[in-house]
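Below you'll find the structure, written out as structure tokens, and then a few comments.
The values are calculated or read from the model by the stated rules, or taken from the named source; none is laboratory data. Because the structure is a prediction, the values reported are computed rather than measured. Heads up, the Cβs are rebuilt from the backbone with ideal geometry, glycines too, and the neighbour counts pull from every protein chain shown.
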Amino acid sequence: MNNLKSKFMAFKNIFKDNNDINEKSVIGFMSFLVMIIFALVDLITGYFQKGLIINEFIYESFLIITLGCFGIAGLEKIFGNRSPKDKNKNDNI
């Protein structure tokens, strides 16, 4: 029981402002997994000569979410997260 409570508290810490987990990367990875599941199900249904009907805009929306999340996370890694305190330091120079 105590182990379950500690796991729930660890999950709860994901949503705090000061954590080590990049939420955009988590959402991007989950969206990528959904795209992989779509592809696998399409291959399996194709093997059994059944047509899998997936609306194109659903797949494209997951694609946009994946690229957007990883793109934003990558830009943050390249250019860094500057806090307002850091911006004020550079403005005084």
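Things to note:
- The lone exception for residue 17 - which of (1) part of a helix (DSSP H, G or I); (2) of a type in the set (D, E, K, R); (3) at pLDDT below 85 it fails: (1)
- Every residue from segment 42-62 that is assigned to a helix (DSSP H, G or I), among the aliphatic types (A, V, I, L, M) and in contact with a helix residue (DSSP H, G or I) (Cβ under 9 Å, 6 or more places away or on another chain): 58
- Residues in segment 24-41 include at least one that is assigned to a helix (DSSP H, G or I), in contact with an Asp or Glu (Cβ under 9 Å, 6 or more places away or on another chain) and at pLDDT below 85.
- Failed criterion for residue 53 (all others in (1) at pLDDT below 80; (2) over 19 Å from residue 37 (Cα atoms); (3) aliphatic (A, V, I, L, M) hold): (2)
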